[in-house]
Structure formats: structure tokens, C-alpha cells
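For reference, the structure is listed below as C-alpha cells.
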Amino acid sequence: MLLRILRSRYVLWLLLTLPGALVLIRYAVGQTFYGEIVHFTGVFATRLLIVTMAVTPLRLMFKEARWTAWLVQRRRYLGVATFGYAALHTAVYLARKGPDALAEFLEPGLLTGWLAFAVFTPLAITSSDSLVHKLGRAWKRLHRLVYAAAALTFAHWLLVAFDIVPGLIHLAVLGALEGYRVVWERLQSRPWKSRG
């Protein structure tokens, strides 16, 4: 029974939604300030992005592990949750800035954020089962844009941060995981030369 509950996508959605709901409630009653909610939603979205992108490298590292198989089956949910927190991050910013957001649009730190959000949007929209089947191979090609979205996300973080160290640490984690994947794929594609 417990395993069935843990495997439920509804339980996963509840767990993914809960932090955002709690921070929104705290913001609504004045227990959390604008800067705190913007920071939280941005960092949480980035961490979910790292987890989403880490699924393939982790599966390569731990091929027989059940938990990596669990992650593979739920990767799209994690990706959509990433977009959800990015959308919440954007909505809070727009609600606070209003018309001033347009004046700040072309600032490099904000422009990279807008571009990242623009790239994430079609990825989230096409994450339903029906569109995955309908798009076929084109779905995989489209979703490779996640790498561009990740680069823009980290550019946004580093350009707007007061302290860039946390952003660099997160970037290093993702870089190490993706580096492992790239090295593994190159080793697999290398033709083995017969000796003798």
C-alpha cells in the first residue's frame, strides 16, 4: 500500500507543489517578503531543472538502481514542475514591478531570464503524453533546447545575484553530471580496435 502511494503521480505532484503553496501563503500574509519569494522560486526552479537534467547521467551511473528507473519515469513531471516554479518566479516579479518590468526588459540579467522562460514554455506545453506521441522524434529534438534554457537560467542567476557563489556551485554540480554523460556517450561511440 505504501509503495503504491509513493508511486502515485498525484503524491509526487503534491510534494512538488507544497513548497510553492507554502511560500505563497507566507507571502500573502506578510511573513515572506518580495525578495525572499523571488529568490526561493528562482533557486527552487533551478534545482528542479538540475534534478531533471541529472536523470540521464544518474541512470548511466546507477543502471540497476530502482530509484533511477523511478526518476526516468517521472522526468517529465519534474520538468513541468521546473516550469511551474519559473512561472511563479516570473509572476511575482511582474506583480511587483508592473509597467517598470518593460523598462528593465533589456538589462542583461533580466533579458537572459526572459529568454530562458521563453525556451521553457514550449517544452512545458509539449510535455503531455498525447503530444509526446504526436511529435515523435521531433519531440526529442525540441526538448534538447533544455540545454539552452539551462545556460540562460544560469546566466540570469549569475548576472542578477548579489552573491554569485551559490549559482556557481549549482552550475558546477550540473556541469559535472552533464560532463559525465558526454564522456560516457563518447566512450560508447568510440570504435574499439582489435589488438594483435
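The values are calculated or read from the model by the stated rules, or taken from the named source; none is laboratory data. Predicted model only: the values in this text are computed from it and were never measured. Because the Cβ atoms are built from the backbone with ideal geometry, glycine has one as well, and the counts that use them run over all protein chains shown. To get the accessible areas, we keep the full protein, side chains included, count just its heavy atoms, and leave off ligands, DNA and RNA. Shrake-Rupley method; radii C 1.70, N 1.55, O 1.52, S 1.80 Å.
Kindly evaluate A91 against the criterion of being open to solvent by 80 Å² or more (accessible area, probe 1.4 Å), small (G, A, S), assigned to a helix (DSSP H, G or I) and out of contact with any Leu (no Cβ under 8 Å at 6 or more places or on another chain).
Working: open to solvent by 80 Å² or more (accessible area, probe 1.4 Å): no; small (G, A, S): yes; assigned to a helix (DSSP H, G or I): yes; out of contact with any Leu (no Cβ under 8 Å at 6 or more places or on another chain): yes.
For A91, the condition - open to solvent by 80 Å² or more (accessible area, probe 1.4 Å), small (G, A, S), assigned to a helix (DSSP H, G or I) and out of contact with any Leu (no Cβ under 8 Å at 6 or more places or on another chain) - is not met.
Sort out which residues of segment 52-67 are touching a residue at least 60 places away in the same chain (Cβ under 8 Å) and either crowded, with 18+ Cβ neighbours inside 10 Å or not in a helix (DSSP H, G or I) (or both), and write them in order of number. Can you show your working first?
First pass over segment 52-67, keeping only residues touching a residue at least 60 places away in the same chain (Cβ under 8 Å): 52-54, 56-58, 60-61.
Selection gives T52, M53, A54, T56, P57, L58.
Pairs needed: first member in segment 95-121, in contact (Cβ under 8 Å) with a residue 60 or more places away in the chain; second member anywhere, of a type outside the set (D, E, K, R); C-beta distance under 9 Å; at least 6 residues apart or different chains.
Every condition considered, the pairs that remain are R96/Y34; R96/V38.
Just to be sure before I move on: is R181 among the basic types (K, R) and surrounded by 15 or more Cβ atoms within 10 Å (Cβ to Cβ) in the structure I sent? Let's see the steps before the verdict.
Values: among the basic types (K, R): yes; surrounded by 15 or more Cβ atoms within 10 Å (Cβ to Cβ): yes.
Considered against the rule, which asks whether it is among the basic types (K, R) and surrounded by 15 or more Cβ atoms within 10 Å (Cβ to Cβ), R181 comes out as yes.
Could you please find all residues in segment 28-51 being open to solvent by 20 Å² or more (accessible area, probe 1.4 Å), within 23 Å of Y180 (Cα to Cα) and not hydrophobic (A, V, I, L, M, F, W, C)?
Matches in segment 28-51: R47 only.
Tell me which residues, restricted to segment 127-154, are part of a helix (DSSP H, G or I), under 30 Å from I169 (Cβ atoms) and among the polar types (S, T, N, Q).
Answer for segment 127-154, where residues must be part of a helix (DSSP H, G or I), under 30 Å from I169 (Cβ atoms) and among the polar types (S, T, N, Q): just T153.
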